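To keep things clear, I will list the structure first and then write my remarks on it.
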Amino acid sequence: MQNESRKQWLSSLATADENYLISLWDNLNMKIEYNWLREPEIGSVMVQGKVGATGDNFNVGEVTITRCSLNLDKKIQGHGYVQGRNKYKSKIAALCDALMQTEKKEIIKRNIIDKLVKYKNNKRNEILSKTEATKVDFFTLVRGEDK
Amino acid sequence: MYVSVKGGEKAINNAHSWLSELRRGDVNIAELNIKQISEQLTLSVDRVMSEGSLYDKDLSALAIKQSRGDLIEAIFLMRAYRTTLPRIGSSKPIETSKMLCLRRISATFKDIPGKQKLGPTFDYTHRLLDFKLLADGEYEKAKIEKYDDKEIPHVLSFLNKEGLIQREIPSGKTSKDITRNPIYFPLTRSERLQSLSRGDEGFLLGLAYSTQRGYARNHAFVGELRTGYVEIQFEIPELGIEINIADVMFTECESVNQFKGSKKIPAQFTRGYGLVFGQLERKAISMALVDRSMRWKEFGEEYLGVAAQDEEFVISHCDNIQATGFLEHIKLPHYVDFQAELDLVRKIREEYKKNEQRT
């Protein structure tokens, strides 16, 4: 279960709008002591598609990713794997990942993770409702000779 | 005798200064910023990401600005940057059936689960210049409606159920990355699709059009076209946990083509597949048509000797960076090569003259 919820918060952090995440973090004004295990580095992940949507894998292209790892103390490590090339975003993600494993969990959850989830849901709803408005309603016309 | 020379540094530096000045344009006009490009020239940005083979909007916008809007030059910049990135790993294969669709249409079935949704499209516009855009700031707001948040199944999965269409079943083979391994013909379909996905839109459009005009017997329907966001799943190596590491926009096209059947297979429909970064449906459709025409061998169809059936021809020439690299290099100094040719022609002419005097 721990893994399941960690998967959720790591996903929210990874795909967060970078400016929004940075503003949420900066507003908390937390001073956290940490050591780098791996300083932020920019790299890429190769995205795989499936032939005909269901067949063999194939490489579509890469997406930029930034990652870093740090520890708060010897026991608690945080990993910041995020979309894009923002090293600060990656560091914030790693710090949040680490803090989510401490007694500060609630503060991070309430002030960051929950808000990221809400932000993403709003974006999703916006797209779905705009897409829905472009749904085609077909209707048929009765032609004279058919009467 | 040609003696090698050095020089041109000053000319090159000054040429680049002028390029820089021209890129800026009239200084009385506000400078473009990267966000303006990534927000307002989105389809250029998408094309540069797709053919640059790297999904990063800001970088793509930067490349467009730096290249003065020359998209092939911008794609070149993206490709060059891409090669400097350490590869962290490979994603899990994406599930396009779970796409958050902005657009989803089928030209083969009218009533489909999930319905036809047009999304933000140029289709049905009148293609008249809109002079309102010359003025400032006017735009329409998108309308919204209540929706069901249900997964939108692929249209072709319905034909699958009846066995009317050829299925795409995984063979279990891992796909070779053509950017890391040299390619040898014949290619696997996976390798072909990777090449096509980063291939030049114009080239693929021309080839796809040629199949429609009869250069490969290949009448295609658009079974489905969808554009939207797909979650990229990636396993964090340190944790062994799979996370949604990125959200990426794709356009996917599944084409449906007739197939007469063979000794082994009864008549059924066959498929072509297109999948590209961004909202690039012209390219996704082109890719699907060209993918299908290259599958002639698989279905035991006749080879008509046309370009779109020739895998080696298509794949070797669809990459616009390879193409422009080779094409544009001939404008760089070839003084020595040409000197040799000049000497040769002079020699032949002298011999010709001698022979003429003798007779």
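The values are calculated or read from the model by the stated rules, or taken from the named source; none is laboratory data. What you see is a predicted model, and the numbers here were worked out from it, not measured in a lab. No Cβ is skipped: glycine too gets one built from the backbone with ideal geometry, and neighbour counts run over all protein chains shown.
Scanning segment B:44-73 for residues that are in contact (Cβ under 8 Å) with a residue 40 or more places away in the chain, surrounded by fewer than 21 Cβ atoms within 10 Å (Cβ to Cβ) and under 17 Å from the mean Cα position of the chain (by Cα) yields one hit, B:72. The requirement of being of a type outside the set (Ser, Thr, Tyr) and surrounded by 16 or more Cβ atoms within 10 Å (Cβ to Cβ) is satisfied by residue B:187. Scanning segment A:26-75 for residues that are out of contact with any Asp or Glu (no Cβ under 6 Å at 6 or more places or on another chain) and among the hydroxyl-bearing types (Ser, Thr, Tyr) yields A:34, A:66, A:69.
Condition check ((1) touching a Ser or Thr at 6+ places or on another chain (Cβ under 6 Å); (2) surrounded by 17 or more Cβ atoms within 10 Å (Cβ to Cβ); (3) without any contact (Cβ under 8 Å) to a residue 12 or more places away in the chain) across all residues:
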| site | (1), (2), (3) |
| --- | --- |
| B:162 | no, no, yes |
| B:168 | yes, yes, no |
| B:171 | no, no, yes |
| B:181 | no, no, yes |
| B:205 | yes, yes, no |
| B:214 | no, no, yes |
| B:221 | yes, no, no |
| B:224 | yes, yes, no |
| B:228 | no, yes, no |
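Candidates in segment A:115-147 are the residues that are within 8 Å of another protein chain (Cβ to nearest Cβ) and among the β-branched types (Val, Ile, Thr); of these, the one that is farthest from residue A:28 (Cα to Cα) is A:136. When residues in segment B:98-111 are screened for being more than 18 Å from residue B:145 (Cβ to Cβ) and more than 7 Å from chain A (Cβ to nearest Cβ), 7 of them pass.
For residue B:115, the criteria (1) at pLDDT below 95; (2) away from every other protein chain (no Cβ under 11 Å); (3) on the phi > 0 side of the Ramachandran plot hold in every case but one, which is (2). Scanning segment A:31-79 for residues that are within 7 Å of another protein chain (Cβ to nearest Cβ), in contact with a Pro (Cβ under 6 Å, 6 or more places away or on another chain) and of a type outside the set (S, T, N, Q) returns A:43, A:50, A:55, A:56.
Would segment B:137-144 turn up any residue that is hydroxyl-bearing (Ser, Thr, Tyr) and under 30 Å from residue A:140 (Cα atoms)? Among the residues of segment B:137-144, not one is hydroxyl-bearing (Ser, Thr, Tyr) and under 30 Å from residue A:140 (Cα atoms), which makes the answer no.
Would you check if there is a residue in segment A:82-90 being surrounded by fewer than 20 Cβ atoms within 10 Å (Cβ to Cβ), of a type in the set (Phe, Trp, Tyr) and touching a residue at least 40 places away in the same chain (Cβ under 8 Å)? Yes. The residues on offer are A:61, A:43, A:55, A:49, and the sole one that is on the phi > 0 side of the Ramachandran plot and without any contact (Cβ under 8 Å) to a residue 60 or more places away in the chain is A:61.
State whether the residues of segment B:119-139 include one that is within 10 Å of chain A (Cβ to nearest Cβ), out of contact with any strand residue (DSSP E or B) (no Cβ under 7 Å at 6 or more places or on another chain) and over 26 Å from residue B:157 (Cα atoms).
Start the filter on segment B:119-139 by keeping residues that are within 10 Å of chain A (Cβ to nearest Cβ), which leaves B:119-121.
Restricting the remaining residues to those that are out of contact with any strand residue (DSSP E or B) (no Cβ under 7 Å at 6 or more places or on another chain) gives none.
There is no residue in segment B:119-139 that is within 10 Å of chain A (Cβ to nearest Cβ), out of contact with any strand residue (DSSP E or B) (no Cβ under 7 Å at 6 or more places or on another chain) and over 26 Å from residue B:157 (Cα atoms).
Being in contact with a strand residue (DSSP E or B) (Cβ under 9 Å, 6 or more places away or on another chain), aliphatic (A, V, I, L, M) and closer than 23 Å to residue A:62 by Cα: is that true of residue B:193 here? When the stated conditions are applied, residue B:193 passes them. Counting only residues that are surrounded by fewer than 18 Cβ atoms within 10 Å (Cβ to Cβ) and among the charged types (D, E, K, R), which one in segment A:31-50 is farthest from residue B:85 (Cα to Cα)? My answer is A:31. For segment A:1-30, a tally of residues being of a type in the set (Gly, Ala, Ser) and either surrounded by fewer than 19 Cβ atoms within 10 Å (Cβ to Cβ) or under 30 Å from residue B:257 (Cβ atoms) (or both) returns 2. Tell me which of these residue A:102 doesn't satisfy, since it passes every other one: (1) modelled with pLDDT under 95; (2) part of a loop (DSSP other than H, G, I, E, B). Failing condition for residue A:102: (1).
Table: residues versus (1) under 30 Å from residue A:77 (Cβ atoms); (2) within 24 Å of the chain's Cα centre (by Cα); (3) more than 13 Å from chain A (Cβ to nearest Cβ).
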site: B:249; (1), (2), (3): no, yes, no
site: B:260; (1), (2), (3): no, no, yes
site: B:288; (1), (2), (3): no, yes, no
site: B:292; (1), (2), (3): no, yes, no
site: B:311; (1), (2), (3): no, yes, yes
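Residue count for segment B:306-335 under the criterion of being more than 30 Å from residue B:272 (Cβ to Cβ) and either of a type in the set (Ser, Thr, Tyr) or surrounded by 11 or more Cβ atoms within 10 Å (Cβ to Cβ) (or both): the result is 3. Across segment B:154-211, what is the number of residues that are basic (Lys, Arg), within 9 Å of chain A (Cβ to nearest Cβ), more than 17 Å from residue B:274 (Cα to Cα) and not in a loop (DSSP other than H, G, I, E, B)? Final tally of qualifying residues: 0. From the list A:97, A:73, the one residue that fits, being modelled with pLDDT under 95 and of a type in the set (D, E, K, R), is A:73. Each residue in segment A:80-114 was checked for being at positive phi and more than 14 Å from every other protein chain (Cβ to nearest Cβ), and 0 pass.
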